[in-house]
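Reading through the structure tokens given below for one structure.
The values are calculated or read from the model by the stated rules, or taken from the named source; none is laboratory data. Just so it is clear, the structure is predicted and the values come from calculations on it, not from any experiment. So basically every Cβ, Gly included, is an ideal-geometry build from the backbone, and we count neighbours across all protein chains shown. Quick note on the areas: whole protein, heavy atoms, side chains included, nothing else; ligands and nucleic acids left out. Shrake-Rupley method; radii C 1.70, N 1.55, O 1.52, S 1.80 Å.
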Amino acid sequence: MLGAVVGDLLPLAVGVAVSPVPIIAAILMLMGVHARTASLGFACGWTIGVAAATTLFVFLGQAMDGSPAGRGWIKLALGVVLVAFGVHQWRSRSAEATTPKWMSAIDEMTVLPGAGIGFVLAAINPKNLMLCAAAGITIGGAGLSGSGDVVAVIVYTAIASATVAVPVIGFQFAADRLRAPLDSLKTWLQENSQSVMAVLILVIGAVLIGKGIGGVTA
């Protein structure tokens, strides 16, 4: 049962993991004045935000334990919204990428502001919140034990946070060797992130629509 749930969570976790803005933000922090501490704060805030948002919706999924159709409608709605978001992103992919204004302050950012931004990007960003909502409802409605729910949230959070946490942790031990590859990754993400995210979100949205229809008609 747990293996099947993790399989359902995998595309949702990947959708969060490849979010370009937090990855770019983490790389910029690693190039900043307080590189090690600010980036660690950001990674911790991001990880806690993913876990907190997912756990919140686990409780919602558990509360709807006797209503698989209700969970199906929620997944269907999330899937439709994600598909609409993916279509919009695909249509605007040729537009010049803009850098959020708050990123201009990253060079001087310290650990606490970094943690706060990480949490906000993970738990409040609409696209990530929808993915975490789908993950939490999937876990909460799977009928796992309490420990099974915890393991599922941990696995989901670990995968979703890997693209931020791994570079940050690696930088603590091999800063000089990672600067050039991270800078190249940042440039590539800025140039290609819209197309990659559009396709991924469209696929995940379609999967959720399929699972939602299955839940509604079960």
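For the reader, a short list of remarks on this structure follows.
- Residue in region 44-59 that is of a type in the set (A, V, I, L, M, F, W, C), touching an Asp or Glu at 6+ places or on another chain (Cβ under 8 Å) and modelled with pLDDT of 80 or more present: yes
- Out of Gly143, Gly170, Gly116, Gly214, sole residue that is part of a loop (DSSP other than H, G, I, E, B) and open to solvent by 10 Å² or more (accessible area, probe 1.4 Å): Gly143
- Contact map, region 92-121: residues that are within 18 Å of Ala52 (Cβ to Cβ) paired with residues that are at pLDDT below 70 and not aliphatic (A, V, I, L, M), Cβ distance under 9 Å, separation 6+ or inter-chain. Pairs shown: Ile117/Trp102.
- Applying the criterion of being at pLDDT 85 or above and open to solvent by 20 Å² or more (accessible area, probe 1.4 Å) to the residues of region 4-35, the residue that is farthest from the chain's Cα centre (by Cα) is Ala4.
- Conditions (1) surrounded by fewer than 18 Cβ atoms within 10 Å (Cβ to Cβ); (2) at pLDDT 85 or above; (3) more than 22 Å from Leu76 (Cβ to Cβ): number failed by Ala175: (2)
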